[in-house]
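Scroll down for the structure; my scribbles are underneath it.
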Amino acid sequence: MAPAERERDGRPEGVRAPRFRLDQPRPPRRKLLPDYDPEAFGRLSERIARFLGTGRFIVWMTVIIIAWVVWNVSAPRDLRFDNYPFIFLTLMLSLQASYAAPLILLAQNRQDDRDKVNLEQDRKQNERSIADTEYLSREVAALRMGLGEVATRDWIRSELQDLLKELEDQRVTFPAGSTPDAGHGRDVDDR
């Protein structure tokens with residue numbers, strides 16, 4: 001056999017491809033980046049963003065900058081670490097700003113996600129409320145229609161008064177003891 005015939009897929013003859021078992025999980029791969037919990041990082045960024053938005057942060061930042069400038073202007077020359085143009089201070093403030101901006105954006109994104117969930121829940125609640133209101137409106141309309149067919153107290157009074165008049169008219173037409181079936185007893189065939 002020629003050497004080209006012996007090789008399959010770049011492997012010499014007799015060397016098989018490794019088999020992977022489908023019933024077992026693969027071993028974890030090495031990762032280049034460290035693992036972190038995105039939820040914990042998000043909570044930390046929200047706490048930092050919340051602190052950056054307070055007056056306390058502004059006061060502490062102002063105190064630190066004033067102390068920095070005063071130290072580097074009034075301290076002996078050999079103890080100063082950042083002379084007049086305060087390049088190191090500018091670098092530190094730029095570094096703080098470069099970290100603060102993405103943390104604030106991350107916190108805002110998390111807040112936007114929470115707001116979207118809340119808006120969706122509010123929308124669903126409003127839809128349920130509208131559906132409940134429509135159902136109750138139909139029920140009230142059905143009750144009103146049903147009440148239109150129900151006998152009211154005034155209608156019953158008028159009917160009773162009409163019956164009372166009829167009975168009085170019959171009493172006048174047939175005086176006591178002279179009713180049409182008086183003296184005949186019960187009619188057996190009525191049952």
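Would you tally the residues in region 30-55 being assigned to a loop (DSSP other than H, G, I, E, B) and polar (S, T, N, Q)?
1
Have a look at ASN83, ASN126, ASN109 and point out the one that is out of contact with any His (no Cβ under 6 Å at 6 or more places or on another chain), in a loop (DSSP other than H, G, I, E, B) and open to solvent by 80 Å² or more (accessible area, probe 1.4 Å).
Answer to the selection: ASN83.
Scan region 113-123 residue by residue and report those that are open to solvent by less than 80 Å² (accessible area, probe 1.4 Å) and either in contact with a Cys (Cβ under 7 Å, 6 or more places away or on another chain) or closer than 18 Å to SER45 by Cβ (or both).
ASP115
Whether any residue in region 86-99 is in contact (Cβ under 8 Å) with a residue 60 or more places away in the chain and closer than 30 Å to GLU39 by Cβ is what I want to check.
no
The conditions are (1) open to solvent by less than 100 Å² (accessible area, probe 1.4 Å); (2) more than 18 Å from ALA97 (Cβ to Cβ); (3) modelled with pLDDT of 80 or more, and ALA4 fails exactly one of them. Which is it?
That leaves (3) as the condition not met.
Please tell me if ARG50 is modelled with pLDDT of 90 or more and within 16 Å of GLN96 (Cα to Cα).
In short, yes.
Can you tell me how many residues within region 86-106 are farther than 18 Å from ILE48 by Cα and either in contact with a Ser or Thr (Cβ under 7 Å, 6 or more places away or on another chain) or open to solvent by less than 90 Å² (accessible area, probe 1.4 Å) (or both)?
4
Does THR133 satisfy being open to solvent by less than 100 Å² (accessible area, probe 1.4 Å) and modelled with pLDDT under 90?
Considered against the rule, which asks whether it is open to solvent by less than 100 Å² (accessible area, probe 1.4 Å) and modelled with pLDDT under 90, THR133 comes out as no.
Would you tally the residues in region 65-80 being touching a helix residue (DSSP H, G or I) at 6+ places or on another chain (Cβ under 9 Å), part of a helix (DSSP H, G or I) and open to solvent by less than 100 Å² (accessible area, probe 1.4 Å)?
Number of matching residues: 5.
The values are calculated or read from the model by the stated rules, or taken from the named source; none is laboratory data. Note that this is a predicted model, so its numbers are computed, not measured. Positions of Cβ are generated from backbone atoms using ideal geometry, with glycine treated the same way; all protein chains shown enter the neighbour counts. For accessibility, only protein heavy atoms count, side chains too; no ligands or nucleic acids. Shrake-Rupley method; radii C 1.70, N 1.55, O 1.52, S 1.80 Å.
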